[in-house]
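Accompanying notes for the structure given below.
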Amino acid sequence: MHRGVSRRQHSVEQRQIAVLQELRAALERKEFRLLFQPVFSRDLRLVALEALVRWEHPLRGLLPPSEFISICEESGLIVELGRRVLHEAAHHYAFLVPQGLGHVRLSVNVSAMQFAHGLLDDVRRVVEEFDLPFGALELELTESVIVDDPERAAQVMVALAELGVTIASAIADFGVGYSSLRYLKRLPIHRLKIDRSFVNDLESDESDRSICEAVIALARTLRLGVVAEGVESIFQRDWLRTSGAGELQGYLFAKPVSFAAATSAEPEPSAM
Ligand code: C2E
Ligand code: CA
Ligand code: CA
């Protein structure tokens, strides 16, 4: 029994080492791609595009982040990958403008490790290189970024805000502690993102409805925007809209797709 477990453990480790080597090679061979998932306002106008990374594996096809992000985080590769994602996302701003979409935010996910390793310099560089106006770039941060080192996080976030970067934070983590709520008030956070896990069961789960209502009320008090992600049903859309969520994202409207597809996305499912 014990031997079985440790053997399995061993093979998991072997597999991770193999994947890590593959990931290093993939970075060298430039096998990562971005998809963009549209975010819509209450009146269904395109307001943001969230960049979501994929690995175009030569044999296995397009792989989702669940196949590689945690290994990148554990190994530190996320710093280089994150830098590429940031650069690639920012590069697209110039393509929004001629389409009359200059107001649309490009939203980039940032890991805690990336935040702690040169994020500010990387952002400064892309803002300059692509001449990004205020509000064009948004970073999605998780609570771990702040909890690890609140003072330093605050400094970096203030500097990011001065560069015109807006910051969205997942409320999944934030709702919990009083201390987190205090950070929320003190830090330059512009938007709260309601995690998909709270949206999933809105129709059947009263406590999830209460959580969403609490987040929306909190955002209103602190004058922050609210984005609800993972909207899959008409019920969820209507409930969130009525409850005051300002922005909506989810498969009901659009999946993550190529930049070209995302910028011409139709917000409503076509009527039949
Ligand atoms: P996330 O930031 O919470 O992104 C939302 C995830 O939910 C995406 O999965 C998206 O495809 C999926 N999603 C969006 N709407 C719906 C919906 O209506 N229903 C369902 N079932 N799913 C929906 P994806 O692209 O597989 O990304 C997973 C996670 O990987 C992301 O979660 C994010 O934490 C991470 N990730 C993605 N790209 C990057 C990146 O460039 N850097 C970093 N550090 N993390 C990334
Ligand atoms: Ca995100
Ligand atoms: Ca999420």
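The values are calculated or read from the model by the stated rules, or taken from the named source; none is laboratory data. It should be emphasised that the depicted structure is a prediction, and the values quoted were computed from it without experimental measurement. Cβ: placed from backbone, ideal geometry, glycine included. Neighbour counts: every protein chain shown. Accessible surface areas use protein heavy atoms only, side chains included; no ligands, DNA or RNA. Shrake-Rupley method; radii C 1.70, N 1.55, O 1.52, S 1.80 Å.
Structural remarks
- Extending 7 Å from Cα along the Cβ direction at Gln155 and again at Thr242 yields two label points whose distance is 4.9 nm.
- By accessible area, using a 1.4 Å probe on protein heavy atoms only, the chain has 53% of its surface on carbon and sulfur.
- The stretch 106-139 versus the stretch 175-247: alpha-carbon centroid distance in Å: 24 Å
- Tail fraction, Cα-Cα pairs, the chain, threshold 28 Å, whole percent: 39 percent
- Its residue count N sets the reference 2.2 N^0.38 Å, and the alpha-carbon radius of gyration of the stretch 1-82 equals 1.46 times that reference.
- Taking a straight line from the alpha carbon of Lys185, these lysines sit under 20 Å away, with near neighbours fewer than eight places off in the same chain left out: Lys193.
- Each Cα pair under 8 Å and six or more residues apart adds its separation to the average, and for the stretch 55-122 the resulting relative contact order is 31 percent.
- By DSSP, the beta bridges lying fully in the chain are antiparallel in about 40 percent of cases.
- Per-residue [θ]222 nm for the chain (sum of -39500 (n - 2.57) over DSSP H runs n ≥ 4, rounded to 500): -14500 deg cm²/dmol
- Rg/Rg_globular for the stretch 1-148, with Rg_globular taken as 2.2 N^0.38 Å and Rg from C-alpha atoms: 1.22
- Placing one equal scatterer on every Cα of the stretch 74-161 and applying the Debye formula, the log10 ratio I(q)/I(0) at q = 0.14, 0.15, 0.17, 0.19 Å⁻¹ is -0.49, -0.55, -0.70, -0.85.
- For the chain: relative contact order, % (alpha-carbon pairs under 8 angstrom, 6 or more apart): 18 percent
- Here's the picture: charge each Lys and Arg Cβ at +1 and each Asp and Glu Cβ at -1 in the chain, and of Pro65, Leu141, Leu35 the one pushed furthest to the positive end of that dipole is Pro65.
- Burial order of peptide ranges 107-115, 12-20, 228-236, 67-75 (average beta-carbon count within 10 Å, highest first): 107-115, 228-236, 67-75, 12-20
- Extension gain, Val12 to Glu206, is 65.9 nm, computed as 0.36 nm per intervening residue step minus the present C-alpha separation.
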